[in-house]
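Asks: There's a structure below that I have some questions on.
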Amino acid sequence: MSCLTTNLHITFKQPSNLLGKKMTDFNPHQEDNVYDSNNSGNLEFRDILEKNISRRSLIKKTASGAVALTVASSLAGCNDSEDDVAPPKAEEPAINPIAQPNELKFKAVDKNTLDMVSVPEGYDFKILHAVGDPLHPALPEWDENNIPAGVSYEMRVGDNHDGMTFFGLNSNTQKYDAKQSDQGLLVMNHEYLERQDLHPRGTAFNQNTITEDEVIREVNAHGVSIVHLHKNPKTQAITINKSSLFNRRITAATEIEYRGPVRGSTLIKTQFSPDGSKTRGTINNCGNGYTPWGTYLTTEENFDQYIARQKEGEKGDERDAFTEHALVRYKIRNGRAGYNWQSITNPTLIQDKTLFSRWNSIVSADKAENDFRNTANTFGWIVEIDPFTGEKPVKRTALGRFAHEDCRVSRAIPGQPLAFYMGDDSQGEYIYKFVSDSNWDPKDINGGYIAGDKYMNSGKLYVAQFNFDESTGKATGKWLELSMSNPNITAYDKYKFVDQADILVHARIAADAAGATKMDRPEWVAVNPNNGEIYVTLTNNSSRGTTHSIDAANPRQYSDDDDATKLLRGNINGHIIRFRENADDVKATEFVWDIFLFGAEADALSDVNLSGLTDNNDFSSPDGMWFDDRGVLWIQTDDGAYTDTTNCMMLAALPGSVGDGTVKTARAGTGTQKTPTGLTLDESKLRRFLTGPEGCEITGVTMTPDYKAMFINVQHPGNIWPNNQPAHLLTQGKGSTRPRSATVVITRKDGGVIAGEALETAKA
């Protein structure tokens with residue numbers, strides 16, 4: 001295999017060393033998920049998702065010469081390194097890896113609060129990379145005593161690892177290959193920042209005195225990493241090819257193109273792009289998705305946290321009533337300072353002042369083309385990234401704008417449209433789907449953005465309304481179209497829509513008008529490959545039963561201590577809802593549904609623990625979720641309600657189908673609520689696969705196609721993980737007193753198929 005011969009020149013003034021060692025947990029992503037901006041008055045429920053590698057330079061040399069980071073590259077025939085020699089061709093597996101296990105045989109991991117990753121007996125794990133680790137051989141390893149300059153994060157792993165996908169790489173064509181396991185590209189989100197762990201001054205960091213270098217580091221630590229991996233087919237060991245041309249970063253500064261109905265709209269015009277054709281950056285990238293043609297979908301979630309609306313002297317930042325309603329509905333409240341990136345008014349490291357000024361959304365000019373009043377509208381989109389080329393990403397505007405948590409595509413069936421299912425992660429928000437006008441054609445595999453244009457630029461956007469008839473026990477739902485043909489949208493009195501672009505930019509408001517069902521924080525989405533059913537995690541909702549009324553789709557209100565005489569705190573532990581399109585047709589406008597699993601403590605009252613969870617499979621606040629191609633469902637948690645007993649975790653499940661259970665009665669404050677539930681799963685169908693270290697969220701899950709290497713992310717760990725782990729578990733980096741988010745690779749000690757023990761037992 002070829003490698004890249006590179007001359008990488010870096011000159012910068014190194015920031016000061018670490019000033020303090022005490023760590024505090026800074027989790028800005030939690031700021032607004034509990035904030036309810038949905039005052040629509042909608043009923044909650046009850047009444048009614050050829051190789052063209054072009055290497056970008058990193059941030060270029062400025063006029064002052066203070067920072068220079070450039071790349072001059074040429075290909076040469078050589079091995080990458082002794083450690084990165086291309087492995088031999090994989091042997092045929094001893095068992096059929098695509099067969100779904102009929103039961104789970106690994107030993108369930110016990111609940112625990114240990115400061116480590118715990119995996120089942122017979123499994124191993126290793127840390128692949130952590131925040132700040134280099135993706136180019138010319139960059140030094142991350143070292144907390146010599147924190148890298150912000151500019152270098154253009155080729156370093158970003159912060160707070162989240163959703164991710166493994167794309168197999170064909171060594172001959174250098175293109176996407178869904179069957180290739182021994183070589184591939186791991187594409188991963190970086191959601192937000194642990195600011196006091198990221199910067200040289202550590203706990204002394206103060207947002208009000210943020211420096212230019214710190215802003216550059218923060219901007220570059222957001223976004224997406226693309227990392228070229230090799231897997232040894234015998235040992236399953238994973239190595240990073242740091243010399244690969246495929247390695248790159250997409251950050252909060254990367255130029256991104258708009259495509260779809262909103263391109264050119266007045267609503268997205270800015271000083272950076274007066275014609276509304278492009279923007280800069282992607283932020284708060286949480287969940288993810290992937291397309292059948294081999295591209296990555298990253299989602300922009302809580303973007304409101306970054307945008308300032310400070311008052312400008314006595315003038316303020318007043319807008320017309322409709323615009324103000326829209327800004328508040330998207331949580332862009334007046335007086336907000338965001339991350340304070342806009343405070344850098346006289347930069348010396350970066351010549352382009354708009355890198356900083358664009359975060360201030362006040363009206364400061366005569367028209368939108370001359371300021372950044374529309375900054376908020378440039379975020380909240382699905383972003384398509386082709387990991388196999390150096391082409392700039394694309395924001396797919398036809399899929400609507402909201403706090404996208406995840407985006408999953410329906411089964412790709414030739415001759416049928418594709419549906420994209422999405423959740424809006426905030427209390428009282430909605431579940432959406434987009435249905436393509438074009439029917440799937442397998443010839444579009446490796447079609448890149450041309451295929452994306454075909455399937456994601458033209459179609460219909462819908463929002464979900466859930467219904468339940470207690471007298472019959474029938475649970476049905478409707479997809480409400482978000483378009484100017486919907487009279488409820490055109491007649492809405494809180495906002496006046498002018499065209500489809502307006503509806504897409506303000507999809508939340510259109511969903512309000514349409515009459516969608518408010519849900520308990522819709523997060524990740526998963527599509528069952530065996531029957532096409534759609535699963536959505538509803539993480540929790542402290543407002544359920546108070547400002548958000550009880551309904552069958554969101555049926556529980558209870559206290560954490562199972563004592564109804566104490567303060568009721570809503571849906572504390574969350575649940576997973578699932579639905580099936582009528583006639584299994586993604587174009588259908590009606591569906592049936594039930595609640596697959598209720599999060600709960602094992603010892604909770606039976607009308608709270610409706611799924612009959614035990615000590616080996618109880619959980620709280622389901623968040624990340626993914627079906628592998630066998631039909632094994634992986635469920636991850638981001639919890640604060642059960643962390644006195646156990647750290648966050650990941651479980652494996654073997655689900656049935658919608659309607660396989662019964663109607664049960666849930667605790668709903670001082671009353672009850674009937675709700676359709678899935679079949680109770682015993683421990684052979686649902687059990688805990690791992691727990692993470694103290695203080696973390698377990699998020700992001702993907703596997704190599706042979707199911708022999710699994711990747712998960714440990715986000716915002718506490719203490720000093722992973723550097724408190726044995727040295728043999730670390731792949732790079734120096735010892736640290738700072739906690740760092742990291743990617744973990746899990747394999748079986750015998751090199752076998754993950755969760756494949758039942759298959760092997762049957763074979764024996």
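The values are calculated or read from the model by the stated rules, or taken from the named source; none is laboratory data. For clarity, every value in this text was computed on a predicted model and none was experimentally measured. With ideal geometry, Cβ positions are generated from the backbone for all residues, glycine too; neighbour counts draw on all protein chains shown.
Asks: Are any of the residues in region 706-713 at pLDDT 95 or above, surrounded by fewer than 24 Cβ atoms within 10 Å (Cβ to Cβ) and not in a loop (DSSP other than H, G, I, E, B)?
Replies: For region 706-713, residues at pLDDT 95 or above, surrounded by fewer than 24 Cβ atoms within 10 Å (Cβ to Cβ) and not in a loop (DSSP other than H, G, I, E, B): present.
Asks: Spot the failing condition for ILE250; the list is (1) β-branched (Val, Ile, Thr); (2) under 24 Å from the mean Cα position of the chain (by Cα); (3) over 30 Å from ASP629 (Cα atoms), and only one is missed.
Replies: Result: ILE250 passes all but (3).
Rundown of residues vs (1) closer than 30 Å to ASP493 by Cα; (2) acidic (Asp, Glu), yes/no style:
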| position | (1), (2) |
| --- | --- |
| GLU318 | yes, yes |
| ALA326 | yes, no |
| GLN342 | no, no |
| PHE356 | no, no |
| ASN360 | yes, no |
| GLU369 | yes, yes |
| THR375 | yes, no |
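Asks: Based on what the data block shows, is ALA221 touching a helix residue (DSSP H, G or I) at 6+ places or on another chain (Cβ under 7 Å) and of a type in the set (A, V, I, L, M)?
Replies: For ALA221, the condition - touching a helix residue (DSSP H, G or I) at 6+ places or on another chain (Cβ under 7 Å) and of a type in the set (A, V, I, L, M) - is met.
Asks: Would you point out the residue of region 418-438, among those that are in contact with a His (Cβ under 8 Å, 6 or more places away or on another chain) and small (Gly, Ala, Ser), that is surrounded by the most Cβ atoms within 10 Å (Cβ to Cβ)?
Replies: Of everything passing the filter in region 418-438, GLY423 is surrounded by the most Cβ atoms within 10 Å (Cβ to Cβ).
Asks: Would you confirm whether any residue within region 556-571 is among the hydrophobic types (A, V, I, L, M, F, W, C) and modelled with pLDDT of 95 or more?
Replies: Taking every residue of region 556-571 in turn, none turns out to be among the hydrophobic types (A, V, I, L, M, F, W, C) and modelled with pLDDT of 95 or more.
Asks: Filtering region 235-255 down to residues that are in contact with a helix residue (DSSP H, G or I) (Cβ under 9 Å, 6 or more places away or on another chain) and part of a strand (DSSP E or B), which residue is surrounded by the most Cβ atoms within 10 Å (Cβ to Cβ)?
Replies: Per the stated criteria, the residue is ARG248.
Asks: Out of the residues in region 481-512 meeting the condition of being more than 27 Å from the chain's Cα centre (by Cα) and in a helix (DSSP H, G or I), tell me which one is surrounded by the fewest Cβ atoms within 10 Å (Cβ to Cβ).
Replies: PRO487
Asks: Do we find that ASN232 is over 23 Å from the mean Cα position of the chain (by Cα), more than 20 Å from GLY338 (Cα to Cα), surrounded by fewer than 20 Cβ atoms within 10 Å (Cβ to Cβ) and not aliphatic (A, V, I, L, M) in this structure?
Replies: yes
Asks: How about region 203-218: which of its residues are in contact with a helix residue (DSSP H, G or I) (Cβ under 6 Å, 6 or more places away or on another chain) and assigned to a helix (DSSP H, G or I)?
Replies: Across region 203-218, the qualifying residues are THR203, ASP213, VAL215, ILE216, ARG217.
Asks: Consider only pairs whose beta carbons are under 6 Å apart and that are at least six residues apart or on different chains; among these, list those whose first residue lies in region 178-192 and is closer than 15 Å to LYS708 by Cα and whose second residue is part of a loop (DSSP other than H, G, I, E, B) and among the charged types (D, E, K, R).
Replies: Partner pairs satisfying both residue conditions: SER181/ASP706.
Asks: State which residue pairs qualify: first residue on the phi > 0 side of the Ramachandran plot and inside region 736-759, second residue modelled with pLDDT of 95 or more in any location, beta carbons under 6 Å apart, and separation of 6 or more residues or different chains.
Replies: Partner pairs satisfying both residue conditions: GLY751/GLN236; ALA755/VAL632; ALA755/ALA652.
Asks: Residues that are of a type in the set (A, V, I, L, M), touching a Pro at 6+ places or on another chain (Cβ under 9 Å) and not in a strand (DSSP E or B): does region 575-586 have at least one?
Replies: yes
Asks: One residue is enough: does region 718-741 have a residue meeting the conditions surrounded by 23 or more Cβ atoms within 10 Å (Cβ to Cβ), closer than 27 Å to PRO529 by Cβ and not aliphatic (A, V, I, L, M)?
Replies: The answer is no; no qualifying residue exists.
Asks: For GLY338, are the conditions met, namely being surrounded by 20 or more Cβ atoms within 10 Å (Cβ to Cβ) and closer than 17 Å to GLN207 by Cβ?
Replies: Criteria met by GLY338.
Asks: Can you tell me which of ASN582, ASN530 is surrounded by fewer than 24 Cβ atoms within 10 Å (Cβ to Cβ) and farther than 30 Å from PRO487 by Cβ?
Replies: Going through ASN582, ASN530 in turn, just one is surrounded by fewer than 24 Cβ atoms within 10 Å (Cβ to Cβ) and farther than 30 Å from PRO487 by Cβ: ASN530.
Asks: Considering each of GLY452, GLY415 in turn, give the residue that is surrounded by fewer than 23 Cβ atoms within 10 Å (Cβ to Cβ), out of contact with any His (no Cβ under 6 Å at 6 or more places or on another chain) and not in a helix (DSSP H, G or I).
Replies: Testing whether each residue is surrounded by fewer than 23 Cβ atoms within 10 Å (Cβ to Cβ), out of contact with any His (no Cβ under 6 Å at 6 or more places or on another chain) and not in a helix (DSSP H, G or I) leaves just GLY415.
Asks: More than 22 Å from PRO722 (Cβ to Cβ), crowded, with 21+ Cβ neighbours inside 10 Å, of a type outside the set (S, T, N, Q) and within 25 Å of the chain's Cα centre (by Cα) - does that describe any residue in region 194-208?
Replies: No, region 194-208 contains no residue that is more than 22 Å from PRO722 (Cβ to Cβ), crowded, with 21+ Cβ neighbours inside 10 Å, of a type outside the set (S, T, N, Q) and within 25 Å of the chain's Cα centre (by Cα).
Asks: Another question, if that's okay. May I ask you to say which residue of VAL119, VAL151, VAL157 is touching a Leu at 6+ places or on another chain (Cβ under 6 Å), of a type in the set (A, V, I, L, M, F, W, C) and closer than 26 Å to ILE698 by Cβ?
Replies: Sole residue among the options that is touching a Leu at 6+ places or on another chain (Cβ under 6 Å), of a type in the set (A, V, I, L, M, F, W, C) and closer than 26 Å to ILE698 by Cβ: VAL119.
Asks: Filter region 544-575 for residues that are crowded, with 20+ Cβ neighbours inside 10 Å and farther than 23 Å from ASP618 by Cα and give the result.
Replies: Result: GLY545, HIS548, ILE550, ASP551.
Asks: Take region 654-684 and flag every residue that is under 27 Å from ASN582 (Cβ atoms), in contact with a strand residue (DSSP E or B) (Cβ under 7 Å, 6 or more places away or on another chain) and not small (Gly, Ala, Ser).
Replies: Within region 654-684, PRO655, VAL658, THR662, VAL663, LYS664, GLN673, LYS674, THR675, PRO676, THR677, LEU681 qualify.
Asks: Something else now. Just to be sure before I move on: is LEU399 in contact with a Cys (Cβ under 8 Å, 6 or more places away or on another chain) and among the hydrophobic types (A, V, I, L, M, F, W, C) in the structure I sent?
Replies: yes
Asks: A further question on this structure: Scan region 734-755 for residues that are among the aliphatic types (A, V, I, L, M) and closer than 13 Å to ASP133 by Cα and jot them down.
Replies: Passing the criteria: only ALA742.
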